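The values are calculated or read from the model by the stated rules, or taken from the named source; none is laboratory data. These figures come from a predicted structure and were not determined experimentally. Note that we place each Cβ from the backbone using ideal geometry, even for glycine, and neighbour counts take in every protein chain shown. Surface accessibility is based on the protein's heavy atoms, side chains included, excluding ligands, DNA and RNA. Shrake-Rupley method; radii C 1.70, N 1.55, O 1.52, S 1.80 Å.
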Amino acid sequence: MLRSLQPRYGDSDLALRVRPSWVEIDLAAVRDNVRAIRQQIGPGVTLYAVCKADGYGCGAAEAAGAALDAGADAIAVGNPRGALAIRQAGIVAPMLLYACSTPDAAEEVLDLNLTVTIHDFPSLRAFSALDQEVSAFVKVDTGFGRLGFQKREWSQALLELAESGNVTLAGIYTHFFDPEDRSASEALFEVFEEACRLAEAAGFSNFQRMVASSRAIAAYPTFELSAVNPGRAVFGLLEGLWKTRLVVSPAIAAVKSRVIQVAEFTSGPGKYAAQPGAARPLRTAVIPIGHADGLPQQVGRASALIAGRRAPLLGTHLEHTVIDISDIEIVEVGDEVVLMGTQGSETIHAEELAGCYGVPLMELAIRLAASLPRLYRS
Ligand SMILES: *Cc1c(COP(=O)(O)O)cnc(C)c1O
């Protein structure tokens, strides 16, 4: 059974009937993945389920609800739209907003009713100047080089924060830049602990120490943390070896479409044509999904499942994709086509699809889920 929880067009059923291409989201996978993460981290660690990027394409509110159901303690988001959708769904769990704003928006950020991120002196001073209580995580940079206070600023930042009077330190977090590199990550963890010591020296206590993204949880279960913030593991988007370290399954369970035209072409001229002298014509099926929906333009070795068999993709256009069905006897307009997922006894895994296109799994899956109508399996 599939149902549309959140119409993203005026009427998503109509959009689906008129242009039948969609993704299927499996919230049971989100729940199972959260339980697997809990197993890994143990009961005493606060689990922030990261629902940024609209819940990694699965819907921020739907994903947050499922993660909390399965034992996540809190949610982290990177975008106020996700935060609003989660609050509008009636979810009152603690929520952390990653750094995303300029200092002049500090008051609006607080209105979202969440824990904010202080990542540099301008954001520190903007939140300290407000005439309201602020709950904040301080982000420290341990080498990623993207966001956060640099090591030489830590002491001053924490002292200034302690003097502010209105800011409560909910926690300190950092993001490792290369969880694959064990000795570097272990060294960075020690650097991170230095930031926590400086916070204690500034007078803070009872703040959370949060480092672990999905891969850090999988690789370093021994790091002593009081909170973790996995994203891609919640959504089953681990690749390669990482999947053996933490067993999770994809929440974006399928990408599907329906045939809108079947055609036959003898040898050229034409973009799609049989080879000169070929014994049989080229038979094609067209589906209404293209690179505007997130499919890469270069089809590479990608194929689709149709009539329970694999058929190579011939080309992807802005809103359409052409499939070679020469080897498949019966294909009719309206037949279901699976670009990712299972049909009959055949499965195209998300990782296989990403590999055929030569793009990272997370990028491809989120692009598709963000642009197509979403159906939730129940
Ligand atoms: C995205 C993000 C995470 C989660 O990372 P995953 O690799 O998806 O688990 C954790 N911490 C921060 C600061 C992030 O921006």
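The residue that is farthest from the ligand (Cβ to nearest atom), counting only those in region 133-148 that are out of contact with any helix residue (DSSP H, G or I) (no Cβ under 6 Å at 6 or more places or on another chain), closer than 22 Å to S205 by Cα and assigned to a loop (DSSP other than H, G, I, E, B), is E133. In contact with a Phe, Trp or Tyr (Cβ under 6 Å, 6 or more places away or on another chain), more than 30 Å from E329 (Cβ to Cβ), within 15 Å of the ligand (Cβ to nearest atom) and among the aliphatic types (A, V, I, L, M): is that true of A251 in this structure? Yes; evaluated as a whole, the condition is true for this residue. A157 meets the conditions (1) within 13 Å of the ligand (Cβ to nearest atom); (2) closer than 21 Å to L96 by Cα in every case but one. The failed one is (1).
Taken together, V259, V333, V338 contain a single residue that is open to solvent by 80 Å² or more (accessible area, probe 1.4 Å), of a type in the set (A, V, I, L, M) and modelled with pLDDT of 95 or more, which is V333.
State all residues of region 182-196 that are open to solvent by less than 60 Å² (accessible area, probe 1.4 Å), out of contact with any Lys or Arg (no Cβ under 9 Å at 6 or more places or on another chain) and not polar (S, T, N, Q); if no residue qualifies, say none. Those that are open to solvent by less than 60 Å² (accessible area, probe 1.4 Å), out of contact with any Lys or Arg (no Cβ under 9 Å at 6 or more places or on another chain) and not polar (S, T, N, Q): A184, A187, L188, F189. When A311, A285, A278, A304 are checked against the criterion of being part of a strand (DSSP E or B) and free of Cβ contacts under 8 Å to residues at least 40 places away in the same chain, A311 stands alone in meeting it.
Return yes when A49 is within 16 Å of the ligand (Cβ to nearest atom), closer than 29 Å to E194 by Cβ and not assigned by TED's automatic domain parsing to the domain that holds S185 and no when it is not. So A49 fits the description; yes.
Table: residues versus (1) out of contact with any Cys (no Cβ under 6 Å at 6 or more places or on another chain); (2) of a type in the set (V, I, T); (3) more than 20 Å from A93 (Cβ to Cβ).
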residue	(1), (2), (3)
R38	yes, no, no
P43	yes, no, no
V50	yes, yes, no
C58	yes, no, no
A61	yes, no, no
A64	no, no, no
A67	yes, no, no
A72	yes, no, no
N79	yes, no, no
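Being modelled with pLDDT under 90, open to solvent by 70 Å² or more (accessible area, probe 1.4 Å) and either closer than 28 Å to P43 by Cα or aromatic (F, W, Y) (or both), is that true of even one residue in region 143-158? For region 143-158, residues modelled with pLDDT under 90, open to solvent by 70 Å² or more (accessible area, probe 1.4 Å) and either closer than 28 Å to P43 by Cα or aromatic (F, W, Y) (or both): present. A single entry from A199, A219 fulfils the requirement of being open to solvent by less than 30 Å² (accessible area, probe 1.4 Å), within 16 Å of the ligand (Cβ to nearest atom) and not basic (K, R): A219. Might you check whether a residue that is touching a helix residue (DSSP H, G or I) at 6+ places or on another chain (Cβ under 6 Å) and away from the ligand (no atom under 12 Å from the Cβ) occurs anywhere in region 186-195? There is at least one residue in region 186-195 that is touching a helix residue (DSSP H, G or I) at 6+ places or on another chain (Cβ under 6 Å) and away from the ligand (no atom under 12 Å from the Cβ). Looking across region 160-180, the residues that are within 16 Å of the ligand (Cβ to nearest atom), over 22 Å from the mean Cα position of the chain (by Cα) and among the hydrophobic types (A, V, I, L, M, F, W, C) come down to A170, I172. Residue-level check: of (1) under 25 Å from S249 (Cα atoms); (2) more than 12 Å from the ligand (Cβ to nearest atom); (3) not acidic (D, E), A227 misses just (2).
Being under 24 Å from A369 (Cα atoms), open to solvent by 20 Å² or more (accessible area, probe 1.4 Å) and more than 16 Å from the ligand (Cβ to nearest atom), is that true of even one residue in region 232-241? The answer is no, given that none of the residues of region 232-241 is under 24 Å from A369 (Cα atoms), open to solvent by 20 Å² or more (accessible area, probe 1.4 Å) and more than 16 Å from the ligand (Cβ to nearest atom).
Restricting region 105-130 to residues that are farther than 18 Å from L147 by Cα and either within 16 Å of the ligand (Cβ to nearest atom) or not hydrophobic (A, V, I, L, M, F, W, C) (or both), the residue that is surrounded by the most Cβ atoms within 10 Å (Cβ to Cβ) is L114.
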